[in-house]
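Peer 1: This structure is in structure tokens; I'll ask about it shortly.
The values are calculated or read from the model by the stated rules, or taken from the named source; none is laboratory data. None of these values were measured; they are calculated from a predicted model. So basically every Cβ, Gly included, is an ideal-geometry build from the backbone, and we count neighbours across all protein chains shown. These accessible areas exclude ligands, DNA and RNA; they are computed on the full protein's heavy atoms, side chains included. Shrake-Rupley method; radii C 1.70, N 1.55, O 1.52, S 1.80 Å.
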Amino acid sequence: MKNTIKNLVVLTVVTLFTLSFTAIDKNKKEIKTDKSKVVWKGYKVTGSHEGTIAIQSGFLNFEGDKLTGGEFVIDMTTINTTDLDGEYKGKLDGHLKSDDFFGVAAHPTAKLVFVKVKTTGKNSYEVTGDLTIKGKTNPITFAISVYGNKATATLKVDRTKYDVKYGSTSFFEGLKDKAIYDEFDLVSDLEF
């Protein structure tokens with residue numbers, strides 16, 4: 001009995017000593033917002049439009065060189081159309097910021113929080129996260145690749161899940177060539 005207690009004490013001391021010197025390398029890497037870019041592309045029956053939107057803040061979490069998490073805040077007030085000029089650009093930018101679309105006066109930011117990260121290859125991952133737009137949060141799954149201090153991610157977002165219904169044939173009939181497809185793409189080039 002005495003030897004058993006002595007062995008347990010020795011084992012506990014050795015375990016604590018070992019764990020204190022083998023800490024997992026956990027890193028939170030802040031996104032360089034001035035060197036990162038998010039491009040959006042929306043589709044309609046008669047074509048598409050695209051533009052940019054700014055990252056307000058963000059970070060990726062790593063254990064060693066393995067991605068384990070992340071979080072991003074998007075500045076919705078920066079929605080910018082890049083495929084139009086002049087009056088048409090101004091009208092579309094204003095409409096996208098209006099309550100018909102993203103209602104940026106009441107909802108100036110959107111947020112993405114990584115919930116689960118699964119390795120799919122050497123530098124690639126499948127992320128499941130919670131995306132919040134216009135105060136509504138829904139799960140989203142997307143691919144992200146990490147190379148050195150850069151990452152790229154592509155998301156396909158169903159806008160109707162976030163109460164962005166304008167021009168959607170899921171909610172309005174008879175739109176014909178005025179219809180806007182429910183899904184839009186976000187392509188992110190990140191530097192940290």
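Peer 1: Quick one: count up the residues across region 153-167 that are open to solvent by less than 30 Å² (accessible area, probe 1.4 Å) and either of a type in the set (A, V, I, L, M) or closer than 18 Å to residue 50 by Cα (or both).
Peer 2: Final tally of qualifying residues: 6.
Peer 1: From 84, 67, 96, 92, which residue is within 17 Å of the chain's Cα centre (by Cα) and among the aliphatic types (A, V, I, L, M)?
Peer 2: Exactly one residue qualifies, and that residue is 67.
Peer 1: OK, next. Of (1) surrounded by fewer than 16 Cβ atoms within 10 Å (Cβ to Cβ); (2) hydroxyl-bearing (Ser, Thr, Tyr); (3) in contact with a Phe, Trp or Tyr (Cβ under 9 Å, 6 or more places away or on another chain), residue 170 satisfies all except one. Which?
Peer 2: Failed condition: (3).
Peer 1: Oh, and also: Pairs, please: C-beta under 9 Å, at least 6 apart or cross-chain, first residue closer than 24 Å to residue 162 by Cβ and in contact (Cβ under 8 Å) with a residue 24 or more places away in the chain and in region 84-99, second open to solvent by 50 Å² or more (accessible area, probe 1.4 Å) and assigned to a helix (DSSP H, G or I)?
Peer 2: The qualifying pairs are 84/91.
Peer 1: Something else about it: Of everything in region 114-136 that's over 19 Å from residue 184 (Cα atoms) and of a type in the set (Val, Ile, Thr), which residue is least open to solvent (accessible area, probe 1.4 Å)?
Peer 2: 117
Peer 1: Which of (1) open to solvent by 70 Å² or more (accessible area, probe 1.4 Å); (2) assigned to a strand (DSSP E or B); (3) acidic (Asp, Glu) is the odd one out, the single condition residue 99 does not satisfy?
Peer 2: Of the numbered conditions (1) open to solvent by 70 Å² or more (accessible area, probe 1.4 Å); (2) assigned to a strand (DSSP E or B); (3) acidic (Asp, Glu), the odd one out for residue 99 is (2).
Peer 1: Looking at region 166-192, I want the residues that are more than 12 Å from residue 155 (Cα to Cα) and have a partner that is among the small types (Gly, Ala, Ser) and open to solvent by 30 Å² or more (accessible area, probe 1.4 Å) with Cβ atoms under 8 Å, at least 6 apart or on another chain. Which pairs are those?
Peer 2: What qualifies is 182/170.
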